């Protein structure tokens, strides 16, 4: 598969990408005017990121295979060997783009801080006696939090590549995102460290308006950081599904950010949501490029690196932007998939190495995969499985003695196949995109409409930050 | 070689490391008193880093070999296959330690900023109207520069691992450190951006006391960032030499830092040199652990990752601490090796893929390796080679017609072997350590004594920063 042809861009692709990148560079050059246009610059960077990622993935295919970074696509009749860990390419391009973006993000502040004159009233000069340097009110705390986000992402990329390379054991790799989150939590701790949450109205008589969670807030953040990357890594295994779900979450988060930016008056959360867009726009750029190669029939695999990386992007924007609760509302399918998987994760039900849907060579369709019970389940588990079967939440097969000999693997992908019947791999991936969109829109509805039932205001209307 | 025995710690090693790590943890717990003791904490972290790196390298050996990260040691009779890229383990431990160290580095400032009361006169509270947050004079600019250093190091580790994995072409990999330096330069640009240099006294009538290099200063910094990692990568190829030279440079830089810290009065460069120690102490910790495994006869190889990473640590402390010129004085052997190599690097003289000294199975000793001239050199080059041969800076061999058929490869390792005769691998590595120490001490002498001839003061005595 890795011949010279499949690893070079077609003439049409070459020209499209050159034109895209050229246009974006043009736009970029024009953002250094007035107070700068960071959002436009970010959009232009995302275009460049798309072009670079698209080309690099194509070009690096044979190099990755030669380096042993490859895997077999089991859901195809001929089981082709294709490059693995391409998420690392995405991640590296993304990180470099975010680094190059730093001066654009802070251009307004650089101008204000260095020109000093004119009517820019934000300039406050303090002569710093100790170092002899002139300080200005440059938003170093925002810079530090931007950098801490980058550090966390780089951390998880390094550890993710290590995981893809070294095949780290399952119970160790669950903790990789926790290590990735450490830079962010450290900087959060030394930097501003808001650990208050707004208390829902019904509980306010008992707890007050705000509750300082203190140390527990860090535990909460670490839990979010462990959950998001791992939950994306769990809802995986068919062509395109990892990237597509991440793209849906990113786009919905961006829609949520836009709600805060289109309001006529500026409020406290605006900066957080601008910050979030800076991280999400290039993410959409690199992910789209990856999806082109990873959609059915896949030319490349994304690797655990991509899942960790994508999850961590959401963690970074959610935590540093103080809207991690909102973010979790976009993870409904992932949360369901995790809860639904727990019986297998905790070995109450046997868990094979892979639980991805089973490919049938005859029909070319995927169907729910099963776990075989070599020893029949205990009466309690058998009853539970019967119940799940009756609720159509699992499928079981019994032998002539009425003992359960097979039960379907408990993942959302298998469940969908039980409900909808066997389907082609891309149809299943598209279904998951649909589920993710519907659940996400519901989540945002809950956030901005139903939340008013338990909180006094939606912070979109008033300048108040909640968790 | 990778059996269960060689990949586990002996009982004595286990206990030594546990005691070391335990003692360090004890010390660490006691640094959260008064204004904190960041230097003591850094020392304790370095001990922990040593213990963790030492164990991880041992444990991960078979895992690395299984993942294809291995190489043959050509300078041994039986050419054993040993794990490669172990520098990545060092680097990851180092980065995690520096991340965990953040609250310790800024503990004094956290205390001053949050307690607020008492006689801590540095507390300046400004109520930030826009965000409702209370700001204090927390040194965000120092935090940002610390984080930018970390980002650069992570960047180069990711790219270094990519290089080790994918075998990137020579002319591409030279630029890897440039990418690694970008985060630091970006933050330097948006953050404080000192681009002035002190002009030597003889030139002051023409240029003034300070010269603003502006954009050129960034070019200079990028050049330093490209040179240091690559120059360490060039002085490589025998057991232990990469790590040993880096350790010598690190220890000499630490000695230089100590000069600034033991003066009774505090001055502007103190913070920079404290900062430098925070980066160097854990580096010495992880490098020592690596050296134990990498010294002759090597149990592991360090990989390009280590060379890039080590070089970048020096770049980070040199640039962010504003003593990059001083730092370059510790790179005399590397600079010599680079200049001496240029004829081969630029293909004036043929350059084989590897130029490391040749191992003789009969004697067990290394001797200078040679390049064969399939076509005799042009008269000009032949004359130059004859001259080098006469100066004992190279060794040539002629055929019966007087044409040059062989010339030694132009590296400092081969030159040393020409001067001193064949020797065992560890003797050669030790010689390089000696050369590095002598040259480094000479460099520091130049810096602190001879520099007074062209600059008015040594900044160790007066609070003035030079380059």
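The values are calculated or read from the model by the stated rules, or taken from the named source; none is laboratory data. Fair warning: this is a prediction, and the values are worked out from it, not measured in the lab. Cβ: placed from backbone, ideal geometry, glycine included. Neighbour counts: every protein chain shown.
Read through the list (1) touching a helix residue (DSSP H, G or I) at 6+ places or on another chain (Cβ under 8 Å); (2) modelled with pLDDT under 85; (3) not in a strand (DSSP E or B), then give the number of the only condition that residue B:172 fails.
(1)
Take residue B:13 and decide whether it is in a loop (DSSP other than H, G, I, E, B), surrounded by fewer than 20 Cβ atoms within 10 Å (Cβ to Cβ) and without any contact (Cβ under 8 Å) to a residue 60 or more places away in the chain.
no
What is the number of the single condition among (1) surrounded by fewer than 24 Cβ atoms within 10 Å (Cβ to Cβ); (2) within 22 Å of residue A:411 (Cα to Cα); (3) touching a residue at least 24 places away in the same chain (Cβ under 8 Å) that residue A:322 does not meet?
Going through the list (1) surrounded by fewer than 24 Cβ atoms within 10 Å (Cβ to Cβ); (2) within 22 Å of residue A:411 (Cα to Cα); (3) touching a residue at least 24 places away in the same chain (Cβ under 8 Å), residue A:322 breaks only (2).
What about residue B:343, is it at pLDDT 90 or above and either touching a strand residue (DSSP E or B) at 6+ places or on another chain (Cβ under 8 Å) or under 30 Å from residue B:455 (Cβ atoms) (or both)?
no
Would you say residue A:183 is outside any loop (DSSP other than H, G, I, E, B), within 14 Å of chain B (Cβ to nearest Cβ) and buried (at least 17 other Cβ atoms within 10 Å of the Cβ)?
yes
Filter the helices (runs of 4 or more DSSP H) completely within the range B:199-312 down to those with at least 1 residues that are out of contact with any helix residue (DSSP H, G or I) (no Cβ under 6 Å at 6 or more places or on another chain) and either within 14 Å of chain A (Cβ to nearest Cβ) or under 30 Å from residue B:83 (Cα atoms) (or both).
Counting at least 1 such residues, we get B:215-234, B:241-261, B:269-294.
Looking at this structure, is residue B:79 more than 22 Å from residue B:233 (Cβ to Cβ), surrounded by fewer than 19 Cβ atoms within 10 Å (Cβ to Cβ), more than 14 Å from chain A (Cβ to nearest Cβ) and in contact with a strand residue (DSSP E or B) (Cβ under 9 Å, 6 or more places away or on another chain)?
It is true that residue B:79 is more than 22 Å from residue B:233 (Cβ to Cβ), surrounded by fewer than 19 Cβ atoms within 10 Å (Cβ to Cβ), more than 14 Å from chain A (Cβ to nearest Cβ) and in contact with a strand residue (DSSP E or B) (Cβ under 9 Å, 6 or more places away or on another chain).
I'm trying to understand the selection: among the residues of the range B:377-404, which are touching a strand residue (DSSP E or B) at 6+ places or on another chain (Cβ under 6 Å) and more than 20 Å from residue B:235 (Cβ to Cβ)?
Result: B:377, B:382, B:385, B:389, B:396, B:397, B:398, B:399, B:404.
Look through the range A:132-154, keep the residues that are at pLDDT 90 or above and either at the interface with chain B (Cβ under 7 Å from one of its Cβ atoms) or not in a helix (DSSP H, G or I) (or both), and return whichever of them is nearest to residue B:185 (Cα to Cα).
For the range A:132-154, the residue satisfying everything is A:147.
Quick one: in the range A:155-169, of everything that is in a loop (DSSP other than H, G, I, E, B) and at the interface with chain B (Cβ under 9 Å from one of its Cβ atoms), which residue is surrounded by the most Cβ atoms within 10 Å (Cβ to Cβ)?
A:168
Being free of Cβ contacts under 8 Å to residues at least 12 places away in the same chain and either within 22 Å of residue A:157 (Cα to Cα) or outside any strand (DSSP E or B) (or both) is the filter here, so list the residues in the range B:67-99 that pass it.
Answer for the range B:67-99, where residues must be free of Cβ contacts under 8 Å to residues at least 12 places away in the same chain and either within 22 Å of residue A:157 (Cα to Cα) or outside any strand (DSSP E or B) (or both): B:67, B:68, B:78, B:79, B:96.
Quick one: would you say residue A:352 is modelled with pLDDT under 90 and in contact with a strand residue (DSSP E or B) (Cβ under 8 Å, 6 or more places away or on another chain)?
Judged against the criteria, residue A:352 is a match.
Just to be sure before I move on: is residue B:91 more than 21 Å from residue B:14 (Cα to Cα), in contact with a helix residue (DSSP H, G or I) (Cβ under 6 Å, 6 or more places away or on another chain) and within 11 Å of chain A (Cβ to nearest Cβ) in the structure I sent?
The answer is yes for residue B:91.
Taking the stated definitions as given, is residue A:66 surrounded by fewer than 18 Cβ atoms within 10 Å (Cβ to Cβ) and farther than 20 Å from residue B:167 by Cβ?
No, not satisfied.
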